[in-house]
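Contents: one structure, followed by commentary.
The values are calculated or read from the model by the stated rules, or taken from the named source; none is laboratory data. Since the model is a prediction, treat every value here as computed from it, not as a measurement. Ideal geometry is used to build each Cβ from the backbone, glycine not excepted, and the neighbour counts take in all protein chains shown. Side chains included, ligands, DNA and RNA excluded: accessible areas come from the protein's heavy atoms. Shrake-Rupley method; radii C 1.70, N 1.55, O 1.52, S 1.80 Å.
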Amino acid sequence: MTTDVTTRPTVAELNSSPVRMNPLDVLGLGLLGVRTRTMRAALSALGISIGIATMLVVTGIPASSQRALLNQLTALGTNMLRVQPVPGQQPPVLLPPESVDMAARIGPVTIASAVANTHATVHRSDRIDPDDYAGLTVLASKSNLLSAINATVGSGSFLTPGIQKFPTAVLGSVAATRLGIEPLTPGQPNPQIFVNDRWFTVVGILATTPLSPDIDRSVLVGWDAARTELHFDGHPTVIYVKARENAIDAVRSVLPATVYPQLPGMAQVSRPSDALAAKRAAQANFSALFLGLAGVALLVGGIGVANTMVISVLERRREIGLRRALGASRGQIRNQFLTESVILSGAGGLAGVVLGVLVTIGYVTYQDWPVVIPLASVAEGFGGAVAVGVIAGVYPSVKASLLTPNEALASA
């Protein structure tokens with residue numbers, strides 16, 4: 001008769017084969033360290049959140065300011081080109097009537113419009129001496145001119161496709177003053193002006209157009225009305241082209257051959273506005289500023305995490321020694337402190353993202369700027385906080401894992 005004897009592992013054998021901990025156990029252990037030291041964890045996370053919030057604020061507010069500045073520069077015509085015949089030629093160079101449509105077919109071009117000198121004269125009424133020159137130009141205008149030159153209507157309306165066929169006119173701001181036309185009032189009869197012995201009804205007055213001061217001194221009539229009423233021949237005098245900014249140089253190079261294939265050298269294209277160079281410089285300078293500020297903010301947050309975790313190791317030597325004496329391996333101690341560091345950084349990063357977004361939105365709304373919060377900064381802020389937590393927690397976690405039970409308990 002045999003008897004089965006069950007052998008039990010000794011304490012030494014248990015210590016030599018520590019129990020493996022799954023990721024959830026490691027996470028729970030890291031959270032335990034955070035919960036048992038709530039105040040220190042809160043202050044540590046606060047330091048990280050302030051660093052991340054600062055990063056978002058110092059990138060979000062300049063980005064919003066940059067957008068407002070770029071919008072102002074764009075309004076100065078950074079994406080506008082002006083095509084006209086080379087002056088001083090005999091006989092005068094005439095752009096083809098179809099040149100506007102040809103320019104509009106260039107891929108990056110977003111809008112093409114034109115005006116043409118009708119060589120007509122304009123007076124306030126038929127009672128004024130025909131030889132009394134007011135210094136104003138009567139221009140045939142495409143109906144999409146306002147969008148092409150960033151102009152706005154001060155009062156009344158512009159030459160819509162529906163009315164541009166009839167004898168109607170829109171006055172530039174200077175032209176309205178010289179002709180004695182007051183701002184139009186809804187419900188009141190529209191004034192009339194005398195153009196080449198024909199009456200034209202004034203339907204609108206433009207606000208000042210900084211990009212095209214010649215329009216301020218002009219009387220604009222519809223393209224079709226100019227043909228029927230003023231014997232206009234259909235040849236545009238100036239073509240206005242808007243294109244995507246990243247392709248403005250390429251469009252400028254092909255415009256002469258596009259609008260005047262027979263004699264491209266006779267078509268003169270204005271260079272892009274100086275505002276475009278300023279806009280590109282602003283974009284480059286702001287980008288460098290964003291990178292520098294973000295780097296400083298992350299560095300400050302990383303130093304805070306590292307300092308917190310190093311002090312935590314010094315304060316918790318007794319705990320480390322006790323856990324090592326009970327069989328915790330060096331890897332388990334290392335993972336515990338590393339997990340705790342990442343939790344602190346992640347919590348601080350999330351709070352910092354929320355705080356930074358709210359502060360940025362509040363400030364830029366107060367300044368009446370467009371709200372711009374770079375998504376890359378949000379992702380980099382949170383991801384950077386976690387990465388900083390990992391990096392900052394490596395040394396303290398390794399240092400804690402290297403302590404032997406005797407060392408930890410003796411120095412506690």
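For residues that are more than 13 Å from the chain's Cα centre (by Cα), surrounded by 15 or more Cβ atoms within 10 Å (Cβ to Cβ) and modelled with pLDDT of 75 or more, tally how many sit in segment 59-97.
11
For Ala103, are the conditions met, namely being under 25 Å from Val241 (Cβ atoms), part of a loop (DSSP other than H, G, I, E, B) and either open to solvent by 20 Å² or more (accessible area, probe 1.4 Å) or touching a helix residue (DSSP H, G or I) at 6+ places or on another chain (Cβ under 8 Å) (or both)?
So Ala103 does not fit the description; no.
Might you let me know whether segment 256-275 holds any residue that is within 32 Å of the chain's Cα centre (by Cα), at pLDDT below 90 and assigned to a helix (DSSP H, G or I)?
Yes.
Just to check your reading of the model, which residue among Ala392, Ala376 is within 18 Å of the chain's Cα centre (by Cα) and at pLDDT below 80? Break it down stepwise before answering.
On the way: Ala392 fails: within 18 Å of the chain's Cα centre (by Cα).
Only one candidate qualifies: Ala376.
Considering only residues that are open to solvent by 50 Å² or more (accessible area, probe 1.4 Å) and in contact (Cβ under 8 Å) with a residue 24 or more places away in the chain, which ones fall in segment 118-145? Give the derivation first.
Residues of segment 118-145 open to solvent by 50 Å² or more (accessible area, probe 1.4 Å): 119, 121, 124, 126-133, 142-144.
Hits for segment 118-145 are Thr121, Arg124, Asp126, Ile128, Lys142, Ser143, Asn144.
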